[in-house]
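The values are calculated or read from the model by the stated rules, or taken from the named source; none is laboratory data. Model, not experiment: these values are computed from the prediction. Here Cβ is always computed from backbone atoms with ideal geometry, including for glycine, and neighbour counts include all displayed protein chains.
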Amino acid sequence: MANLGVSFMSFKVAIATLSLIGLAATSATAQAVSDTDIESFLGLTSGTIDGLGNGDATEGSAIKQTFSGTTGQTLTFDWNFLTNESTPSSFNDFAFISLFPDGNSTLADTNSRFPLLGNNVSFNSETGFNAFSFILPADGDYTLGLGVVDVGDTVVDSALLVDNLNLGTNGSFETGEFSGWETVGNATIADSSFGIDPTDGNSQALLATAAVPEPTTILGSALLLGAGAFLKRRARRSQKAATQEA
Ligand SMILES: [Ca+2]
Ligand SMILES: [Ca+2]
Ligand SMILES: [Ca+2]
């Protein structure tokens, strides 16, 4: 009986442990993290992301991988910045690249050109896919980081799609996961059911500044869309303030 009792307890502990692991894994991959955590993940000096000139970044997500490059090789990939912020907004969310050892740069922010509306139900505006290109200046190991962050607060979300990277491992995400990459925050693989087609194959990386992008109501005109976003921001910011005071 004693043995049975121990076995039963072990079984219950095992189930409880499995449940905890499941919960931890879910929250670890779903939630955006602080800009400080992203800097630590990417090996950047503290303050680098705020220092890119778009204001006080608060939280976001990033992916990275190290690859071996040679002088004159061209690094290319496709990216698409999505946002629910006004365009432009003083809450100047942005996407960025860090390429060690060469430097860091903003890819897009709310001042960018947003010719596309409504291709994805979760975001009001998208830049469309753009090609990034950089000629490697020397032989050696490079660490490529790509990220997206909220600025000023954490209320209204933005995201970055990435696909068709020509160097390193799994640059097109066609394995359906992040093999060859490391991730921090809310990084998932999206296919065309996201509403925006990958530029190569069936899969693309989706980095977001929050756990679950909030579906937005598509309104009939740009004017209404702007008013709707403004009212929604006010409502959500009030709600957040109330929560924090509680
Ligand atoms: Ca900051
Ligand atoms: Ca934001
Ligand atoms: Ca792909």
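Just one of (1) surrounded by 17 or more Cβ atoms within 10 Å (Cβ to Cβ); (2) within 23 Å of Gly51 (Cβ to Cβ) fails for Pro137. It is (1). Filtering segment 171-198 to residues that are away from ligand 2 (no atom under 16 Å from the Cβ) and touching a residue at least 40 places away in the same chain (Cβ under 8 Å) leaves Gly171, Phe178, Gly180, Trp181, Glu182, Thr183, Val184, Ala187, Thr188, Phe194, Gly195, Ile196.
Quick grid of which residues meet (1) on the phi > 0 side of the Ramachandran plot; (2) assigned to a strand (DSSP E or B); (3) more than 16 Å from ligand 2 (Cβ to nearest atom):
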residue: Thr36; (1), (2), (3): no, no, yes
residue: Glu39; (1), (2), (3): no, no, yes
residue: Leu44; (1), (2), (3): no, no, yes
residue: Thr48; (1), (2), (3): no, no, yes
residue: Gly51; (1), (2), (3): no, no, yes
residue: Gly55; (1), (2), (3): yes, no, no
residue: Glu59; (1), (2), (3): no, yes, no
residue: Lys64; (1), (2), (3): no, yes, yes
residue: Phe67; (1), (2), (3): no, yes, yes
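Checking each residue in segment 106-145 for being at pLDDT below 95 and within 16 Å of ligand 1 (Cβ to nearest atom) picks out no residue at all.
As for segment 96-104, it holds at least one residue that is touching a Ser or Thr at 6+ places or on another chain (Cβ under 7 Å), more than 16 Å from ligand 3 (Cβ to nearest atom) and among the aromatic types (Phe, Trp, Tyr).
The residues of segment 27-40 that are at pLDDT 95 or above and out of contact with any Ser or Thr (no Cβ under 9 Å at 6 or more places or on another chain) amount to a single one, Asp37.
Checked against the criteria, Val148 counts as in contact with a Leu (Cβ under 6 Å, 6 or more places away or on another chain) and within 16 Å of ligand 1 (Cβ to nearest atom).
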